[in-house]
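Taking it in order: structure first as structure tokens, then the write-up.
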Amino acid sequence: MLTQERLWDMLCRVGALSFAARSKLPNGWNGTGVGTVEARQVKDGVLTFTESGVWHPEVGRETRFTNVFRWTVAGDVVRLEHLRFGEDHPVFLFDLVPAGEREWRSASPHLCSEDCYAAVLTVRDDGIGLRWTIDGPRKQETIEYVYSFEGTAT
């Protein structure tokens, strides 16, 4: 079983990311991205990922991106929040709970308007995989992240 402590240790070592987004809708997000992650433990049980890189859509021009996510140990779960509005106004995404030898899953889906967000985190040989699914009337997307450890290539 992948313990919370082991998962936390792995999250603290993340230094790079790559991702692929696929949509079932014709006007959805399709493309790939690559970038760096600054993982910073701001206090016990609280870690931020400052992500920056380049998004390569299948149609259109490449775009630079930045995101800040906050991981928090909250009892038996690991919570993920997006800090798009700053640290004092986080956007809750989901709580992850253990779901197998190398896997954590969202405890329940996150509803945002009419969209339903869910996630599966998997420990991989090349890092940590985080697969997001977003289902709703205007979104039917899957985003596959691979977070690589410092000193490894994406």
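Odds and ends about this structure:
- Taking every alpha-carbon pair within the chain, the share separated by more than 20 Å comes to 50 percent.
- With neighbours defined as other Cβ atoms within 10 Å of a residue's Cβ, the residues 2, 121 order from fewest to most as 2, 121.
- Within the chain, the longest run free of GluC sites (Glu not before Pro) that sit in a DSSP loop with at most 15 other Cβ atoms within 10 Å is 1-57.
- Listed from fewest to most Cβ neighbours within 10 Å, the set 91, 59, 146 follows the order 59, 91, 146.
- In the chain, helical runs assigned H by DSSP with n ≥ 4 each contribute -39500 (n - 2.57); averaged across all residues and rounded to the nearest 500, the mean residue ellipticity at 222 nm is -1500 deg cm²/dmol.
- Modelled label positions at residue 67 and residue 85, each set 7 Å beyond Cα in the direction of Cβ, lie 1.8 nm from each other.
- Chymotrypsin sites (Phe, Trp or Tyr not before Pro) restricted to DSSP loop in the stretch 60-154 with at most 16 other C-beta within 10 Å: 85
Quick note: the coordinates plus some simple rules give every number you see, no bench work behind them. This structure is a prediction, so every number in the text was calculated from the model and none was measured. Virtual Cβ from ideal backbone geometry, glycine too; neighbours counted across all protein chains shown.
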